[in-house]
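Once you've had a glance at the structure underneath, I'll fire off some questions.
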Amino acid sequence: MACYQHILLAADFTEHGKAVAEKAKALAELHQATLSIIHVMDYIPITDAAYGPIIPFDGDLTEQLMTAAKRQLTKMAVDFDIAEKNQIMEIGSPKLEIVRIAKEIQADLIVVGSHGRHGLALLLGSTANGVLHHAVCDVLAVRLSDD
Ligand code: AMP
């Protein structure tokens with residue numbers, strides 16, 4: 001069986017994130033693969049029927065959110081011994097960015113949780129589902145305990 005060489009862990013910093021990261025780390029060790037971590041900050045435009053067009057995030061707020069997310073990313077990367085060059089932070093649609101970055105870094109396995117913030121009820125529209133359908137490499141959806 002071919003070994004994985006570059007594993008991309010998708011981290012959303014929820015309570016389940018640690019279990020997903022542990023699985024990715026164990027696989028990386030087993031396959032002696034490089035482990036990268038990505039967090040995508042959802043770009044949620046604010047809409048208001050009264051104004052019609054989309055009002056984008058305020059610049060300062062985006063920067064503050066980015067700083068907070070980067071701090072979480074660094075902490076998780078340190079906990080799982082992931083080198084700084086393999087820590088990736090993006091803004092946009094999580095599923096699209098995860099798939100795009102996986103291609104860019106030539107990851108051959110993406111590890112996601114079976115659910116995250118959106119819970120089981122929205123699983124069909126979830127990041128895991130989107131990644132599974134669009135990725136060009138293998139995807140492991142780690143089944144989380146309350147599925
Ligand atoms: P969800 O779509 O919220 O149910 O999340 C399913 C899984 O997708 C999570 O367990 C994470 O592995 C991954 N994921 C969700 N949101 C993000 C995000 N913003 N950045 C990186 N990975 C994410």
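The values are calculated or read from the model by the stated rules, or taken from the named source; none is laboratory data. Given the structure is predicted, the values throughout are model-derived calculations rather than measurements. Here the Cβ is made from the backbone with ideal geometry for all residues, glycine too, and neighbour counts use every protein chain on show.
Regarding region 97-110, can at least one residue be identified that is closer than 20 Å to residue 28 by Cα, part of a strand (DSSP E or B) and at pLDDT 95 or above?
Taking region 97-110 and keeping what is closer than 20 Å to residue 28 by Cα, we get 98-99, 101-110.
Narrowing further to those that are part of a strand (DSSP E or B): 109-110.
Retained after the next criterion (residues that are at pLDDT 95 or above): 109-110.
The answer is yes; a qualifying residue exists.
Being more than 8 Å from the ligand (Cβ to nearest atom), under 26 Å from residue 63 (Cα atoms) and at pLDDT below 95 is the filter here; which residues of region 14-44 pass it?
Scanning region 14-44 gives 15, 18, 43, 44.
Can you find even one residue in region 60-74 that is within 13 Å of the ligand (Cβ to nearest atom), modelled with pLDDT under 95 and touching an Asp or Glu at 6+ places or on another chain (Cβ under 9 Å)?
Within region 60-74, none of the residues are within 13 Å of the ligand (Cβ to nearest atom), modelled with pLDDT under 95 and touching an Asp or Glu at 6+ places or on another chain (Cβ under 9 Å).
OK, next. Could you please let me know if residue 84 is loosely packed, with under 14 Cβ neighbours inside 10 Å, of a type in the set (D, E, K, R) and modelled with pLDDT of 95 or more?
Numbers: loosely packed, with under 14 Cβ neighbours inside 10 Å: yes; of a type in the set (D, E, K, R): yes; modelled with pLDDT of 95 or more: yes.
Judged against the criteria, residue 84 is a match.
Would you be able to say whether some residue in region 113-128 is in contact with a helix residue (DSSP H, G or I) (Cβ under 6 Å, 6 or more places away or on another chain) and at pLDDT 95 or above?
no
Contact list please: Cβ distance under 6 Å, first residue in region 12-31 and without any contact (Cβ under 8 Å) to a residue 60 or more places away in the chain, second residue β-branched (Val, Ile, Thr), pairs at least six apart or on different chains.
Partner pairs satisfying both residue conditions: 28/7.
Does region 98-114 hold any residues that are closer than 22 Å to residue 15 by Cα and surrounded by 22 or more Cβ atoms within 10 Å (Cβ to Cβ), and which are they?
98, 110, 111, 112, 113
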